Amino acid sequence: MPKPESFPIEKIFVPTKQKKAIKPEIVGEIAESILDIGQQAPISVRLDGDRLVLVEGLHRLEACKALGETTITGVLVRAEFAQHKPQLADRPEVEAERIKMARLKQLRLEKEAAEASTSALKSVNATEALRARPAKGARDNPKASPGQTARSAPKTLSAWITQQKGSGGRY
């Protein structure tokens with residue numbers, strides 16, 4: 001691996017495609033980290049004629065600019081390495097992190113499903129409890145006469161007359 005060296009920030013060209021990927025919140029976090037512990041990882045640059053072109057480390061470069069630095073630690077890589085750098089997914093630690101994140105996502109989804117199931121079950125139980133209550137009728141009505149509480153309302157006139165005769169009432 002090439003040896004880290006100091007490069008003047010003003011001499012580093014950032015391709016337009018990379019500029020579009022700047023995330024201010026990440027720049028802020030990196031700037032705070034640089035203030036606390038210094039720059040830990042060098043950026044990668046390549047030579048293109050007389051200028052330096054940023055290959056990797058956009059947010060570190062922007063954080064150093066924001067802090068007013070005039071130089072940044074980086075490594076000079078050859079153009080063929082810049083184009084054919086190994087993919088992050090090929091590194092074992094990245095694969096381990098991907099597996100860990102997938103497992104955490106699965107656990108979160110299982111937890112959310114269990115909470116949703118519990119919530120749905122509580123809702124169903126509450127609905128069934130409401131249905132199990134007796135319908136509001138004569139027994140629950142304090143204004144009902146004592147004769148009404150023991151019987152249900154007759155459906156026909158003749159049934160009402162029969163009911164009244166049995167209770168000694170007038171019709």
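So which of Lys19/Lys105; Lys23/Lys105; Lys3/Lys65; Lys65/Lys105 end up more than 27 Å apart by C-alpha? Those over the limit are Lys19/Lys105; Lys65/Lys105.
With Cα atoms defining each centre, segment 8-72 and segment 101-122 are spaced 41 Å apart in the structure.
For the ranges 33-43, 10-20, what's the packing order if you count other beta-carbon atoms within 10 Å of each residue, average per peptide, and put the highest first? Write out the running numbers ahead of the final one.
Working: 33-43: 13.7, 10-20: 11.1.
Highest mean packing first, the order is 33-43, 10-20.
Diffusion of segment 5-85 by Stokes-Einstein, at 4 °C in a medium of 1.567 mPa s and with Rh set to the Kirkwood radius over alpha-carbon pairs, works out to 101 µm²/s.
Fewest Cβ neighbours within 10 Å first, please rank Leu61, Leu107, Leu47 accordingly. Before the final figure, lay out each step's value.
Values: Leu61 24, Leu107 10, Leu47 13.
Result, fewest neighbours first: Leu107, Leu47, Leu61.
By count of other Cβ within 10 Å, fewest leading, how are Val55, Val77, Val45 ordered? Don't skip to the answer; put the middle values down first.
Details: Val55 21, Val77 18, Val45 25.
Listed from fewest to most nearby Cβ atoms, that is Val77, Val55, Val45.
Every read-out reported here was derived from the displayed coordinates using simple, explicitly stated rules and does not represent laboratory data. Keep in mind that what you see is a predicted model, and the values were worked out from it rather than measured. Glycine also receives a Cβ, built like all others from the backbone with ideal geometry; neighbour counts cover every protein chain displayed.
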